[in-house]
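Reviewing the structure listed below.
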Amino acid sequence: MEQALKTLKNWIDSSNNIVFFGGAGVSTESGIPDFRSVDGLYHQKYKFPPETILSNTFFRRNPEEFYIFYRDKLIAPNARPNAAHLKLAQWEQEGKLKAVITQNIDGLHQMAGSRKVLELHGSVHRCYCERCRKIYLESFVNEGTGVPRCSCGGIVRPDVVLYEEGLDNHIMSESMSLIRDAEILIIGGTSLNVYPAAGLINYYRGNKLVLINLSETPADSQADLVIHGKIGEVFSQL
């Protein structure tokens, strides 16, 4: 790993066109569980599987159960940015990093100071009424009990993308463009198993594709540099 870290540091030091694409593993070191690791949400026991609860169909049919799970497992008010979030914000401030593209909904990149953040799956920090589109403070949804209702009677929901829902076309398009034009693409903390987000790697045209993840990914063989480890620990050495 020492040689890989040295190579990565040299690449970063000499570049001002880096794009970072990250997943749940970026936030696990901040105490937010991922979905697919051994102790992630998929391996905990609930009345329904997490993937079912976080689907549009389930949300429509069982909003009470959805909000119980959502407040219990997706809201982490005490989470704080870790070394990975902070290093990315630093690179942006130094003019090296063009953007962070994230599958996470926790807002930790913005809390760390990153300004150009493309949230593929939305954010728990934005909420709106499905019926009249009125904007609500996150506390209206993320705190309390029961199903949050708007004054118009509609359900107030978090601005997150549920299973069975499409990603925002504008965000996807901008992400594709940024990745296509990047000199260095760093992918970290993601298994690259969730589509269409995982397919963004195919738009990269450069020769400095970096994969940082605890376990192997389907794209390891096509990467120019692979580091297996916790991304916060890796970034703290750069």
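Quick check on my filter: what residues within region 147-162 are part of a loop (DSSP other than H, G, I, E, B) and open to solvent by 20 Å² or more (accessible area, probe 1.4 Å)?
Step one: list which residues in region 147-162 are part of a loop (DSSP other than H, G, I, E, B), which gives 147-148, 150-154, 161-162.
Answer for region 147-162, where residues must be part of a loop (DSSP other than H, G, I, E, B) and open to solvent by 20 Å² or more (accessible area, probe 1.4 Å): V147, S151, C152, G153, V161.
Sort out which residues of region 210-238 are open to solvent by 10 Å² or more (accessible area, probe 1.4 Å) and either outside any loop (DSSP other than H, G, I, E, B) or touching a Cys at 6+ places or on another chain (Cβ under 6 Å) (or both), and write them in order of number. Before you say what the answer is, go through the steps one by one.
Of region 210-238, the ones open to solvent by 10 Å² or more (accessible area, probe 1.4 Å) are 213-218, 220-226, 228-230, 233, 236-238.
Across region 210-238, the qualifying residues are N213, D220, S221, Q222, L225, V226, H228, E233.
For region 168-191, give me each residue that is in a loop (DSSP other than H, G, I, E, B), open to solvent by 30 Å² or more (accessible area, probe 1.4 Å) and modelled with pLDDT of 95 or more.
D168, E183
Any residue in region 98-112 that's part of a strand (DSSP E or B): show its pairings with residues that are among the acidic types (D, E) and surrounded by 23 or more Cβ atoms within 10 Å (Cβ to Cβ) at Cβ separation under 7 Å, as long as the two are six or more apart or on different chains.
T102/E119
Here are A89, A79, A84: which of them is open to solvent by less than 40 Å² (accessible area, probe 1.4 Å), assigned to a helix (DSSP H, G or I) and over 26 Å from P196 (Cβ atoms)?
Working: A79 fails: assigned to a helix (DSSP H, G or I); A84 fails: over 26 Å from P196 (Cβ atoms).
After ruling out the rest, the residue left standing is A89.
Across region 192-209, which residue is surrounded by the fewest Cβ atoms within 10 Å (Cβ to Cβ) among those that are within 17 Å of the chain's Cα centre (by Cα) and of a type in the set (A, V, I, L, M)? Lay out the reasoning, then the answer.
Taking region 192-209 and keeping what is within 17 Å of the chain's Cα centre (by Cα), we get 192-201.
Now narrow it down to the ones that are of a type in the set (A, V, I, L, M): 192, 194, 197-198, 200-201.
On the way: L192: 20, V194: 17, A197: 21, A198: 19, L200: 23, I201: 20.
Going through the qualifying residues, I end up with V194.
Take the residues of region 46-76 that are in a loop (DSSP other than H, G, I, E, B) and under 15 Å from the mean Cα position of the chain (by Cα): which is farthest from T28 (Cα to Cα)? Quick ask: steps written out before the conclusion?
First, pick out the residues of region 46-76 that are in a loop (DSSP other than H, G, I, E, B): 46-49, 54, 62, 75-76.
Now drop any that are not under 15 Å from the mean Cα position of the chain (by Cα), which leaves 75-76.
On the way: I75: 13, A76: 11 Å.
Out of the qualifying residues, it is I75.
May I ask you to list pairs of residues, at least six apart or on different chains, whose Cβ atoms are under 8 Å apart, with the first in region 131-146 being exposed (fewer than 13 other Cβ atoms within 10 Å of the Cβ) and the second being part of a strand (DSSP E or B) and not β-branched (V, I, T)?
I135/R126; I135/C127; I135/Y128; L137/C127
Would you be able to say whether some residue in region 37-50 is in contact (Cβ under 8 Å) with a residue 60 or more places away in the chain and either touching a strand residue (DSSP E or B) at 6+ places or on another chain (Cβ under 8 Å) or closer than 25 Å to M172 by Cβ (or both)? It would help to see each step written out before you state the result.
At the first step, the residues of region 37-50 found to be in contact (Cβ under 8 Å) with a residue 60 or more places away in the chain are 37.
Subset that is either touching a strand residue (DSSP E or B) at 6+ places or on another chain (Cβ under 8 Å) or closer than 25 Å to M172 by Cβ (or both): none.
No, region 37-50 contains no residue that is in contact (Cβ under 8 Å) with a residue 60 or more places away in the chain and either touching a strand residue (DSSP E or B) at 6+ places or on another chain (Cβ under 8 Å) or closer than 25 Å to M172 by Cβ (or both).
The values are calculated or read from the model by the stated rules, or taken from the named source; none is laboratory data. Keep in mind it's a predicted model, so treat the numbers as computed, not measured. Counting neighbours? That spans all protein chains shown, and the Cβs are built from the backbone with ideal geometry, glycine included. Calculation scope for accessible area: heavy atoms of the full protein, side chains included, ligands and nucleic acids excluded. Shrake-Rupley method; radii C 1.70, N 1.55, O 1.52, S 1.80 Å.
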